[in-house]
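First comes the structure, then the notes that go with it.
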Amino acid sequence: MYNNRQSIIQNTMTVDVEDYYQVSAFSKNIAISDWGNMESRVVRNTERILQIFDDYAIKATFFVLGWVARQEPGLVRNIANEGHEVASHGYSHQLIYTQTPELFREETIRSKQLLEDITGNVVNGYRAASYSITKKSLWALDILAEAGFKYDSSIFPVRHDNYGIPGSATEAYVVETKKGHKIIEYPLSTYKFLGQILPVAGGGYFRLYPYWLSRYFYKNINKTSKPFVFYIHPWEIDPAQPRIKASWFSEFRHYNNLVKCENRFTQLLGEFSFSTMEDILKIQGLIS
Ligand SMILES: [Zn+2]
């Protein structure tokens, strides 16, 4: 019933576990000190994603925000118990290039330790809030390597107002950091279309493009024997979430096509094969 997968290439499925009010688009409208007063929807939405993955027999990497893990340790345990990879989405969802290295180090170590205490497993992967490892914050890779992360998945090789390193590599690679550490970078997927480098890795882009266009991008990436990286947030399958007033553009980015997202997502899961980021990096021989 579910398996209509023509591709044998295993792609990378990732979930950035955060609630609807923690996104960067609303950071000017909702302070961290208000997070505890908001209606929480992250457990129910993440459990729904876990159910969908179970239906489609898919294992994924969940980059969990430390703030959420502290509030909902049972959710993190459920993710791990179902055989998914638990990785770190930092602690407070602040953009890295707005933090000092000292603060970033403290938050990063704290969030890794918290997830490891909850699951009993080592956390190997990291993804920055809003892909905020850019040329201004490459120092973060040193701190990640020193904290014991094996890989990072935060660099988007696109031009964007808040993130991106245009022209950087589009497949997983070994980074030699300034201090001489080594860490794997697994960038977010892009596709060259009509002369433009388009971000195609999921999230708002998956909601923006019609499904047939996303499928066209993914099929063409897989045709060249390459996997793509896909990401989704739990709030993206929750059209009934409370509305937050923000700028027109921030509201568009957050609310566009929420109502279509879950159906598109299950269609995607039926048509392509996926695994965790750790597993894909092992297949590629980049981590052991
Ligand atoms: Zn995030």
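Here are the numbers:
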read-out: Whole-number accessible area per residue in Å² for the chain, which is evaluated in the context of all protein chains at 1.4 Å; value: 44 Å²
read-out: Alpha carbon convex hull of segment 128-279, volume per residue in cubic angstrom; value: 137 Å³
read-out: Heavy atoms of Phe249: accessible area, 1.4 Å probe, square angstrom to 10; value: 90 Å²
read-out: Partner lysines for Lys28 [C-alpha distance under 26 Å; skip if fewer than 8 residues away on the same chain]; value: Lys135, Lys136, Lys245
read-out: Sequence-separation-based contact order of the chain, relative, with Cα cut under 8 Å and 6+ spacing, percent; value: 26 percent
read-out: Among 259-270, 76-87, the order from most to least packed when residues are scored by Cβ within 10 Å on average; value: 76-87, 259-270
read-out: Alpha-carbon centroids, segment 259-288 and segment 89-146: separation in whole Å; value: 23 Å
read-out: Full-stretch length increase - Lys28, Gln71 - with 0.36 nm per residue and alpha-carbon distance subtracted; value: 13.2 nm
read-out: Gyration tensor (Cα) of the chain, equivalent ellipsoid semi-axes in angstrom; value: 25, 23, 20
read-out: All lysines inside 28 Å of Lys219 as judged from Cα atoms, apart from same-chain residues fewer than 8 positions distant; value: Lys59, Lys192, Lys260, Lys282
read-out: Heavy-atom SASA rank of Ser33, Ser40 (probe 1.4 Å, accessible area, largest first); value: Ser33, Ser40
read-out: Additional length obtainable on full extension of the chain from Ile283 to Gln51, 0.36 nm per residue less Cα span; value: 80.9 nm
read-out: Added length on full extension, which subtracts the Cα-Cα distance from 0.36 nm per residue, Phe249 to Lys59; value: 65.1 nm
read-out: Carbon and sulfur %, accessible surface of the chain computed with the full protein complex present, 1.4 Å; value: 51 percent
read-out: Largest-first principal axis extents of the Cα set of segment 28-159 (Å); value: 41, 34, 33
read-out: Area accessible to solvent at Arg110, 1.4 Å probe radius, in Å²; value: 100 Å²
read-out: Selected from Ile244, Ser111, Ala147, residue furthest toward positive end of dipole (segment 98-253; charges at beta carbon); value: Ile244
read-out: Most to least accessible of Ile96, Ile118 (protein chains only, probe 1.4 Å); value: Ile118, Ile96
read-out: FRET E, pair Asp161, Asp117, Förster distance 41 Å, beta-carbon r, rounded to 0.05; value: 0.65
read-out: CD proxy at 222 nm, helix term only [per DSSP H run n ≥ 4: -39500 (n - 2.57); per residue of the chain; nearest 500]; value: -10500 deg cm²/dmol
read-out: Overall Cα dimensions of segment 98-141, principal axis frame, Å, largest first; value: 34, 18, 15
read-out: Rounded FRET efficiency, nearest 0.05, which uses the C-beta distance separating Ser92 from Ser168 and R0 of 30 Å; value: 0.70
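The values are calculated or read from the model by the stated rules, or taken from the named source; none is laboratory data. Predicted, not measured: the structure shown is a model, and the values here were computed from it. Backbone-built Cβ (ideal geometry, glycine too); neighbour counts: all protein chains shown. Side chains included, ligands, DNA and RNA excluded: accessible areas come from the protein's heavy atoms. Shrake-Rupley method; radii C 1.70, N 1.55, O 1.52, S 1.80 Å.
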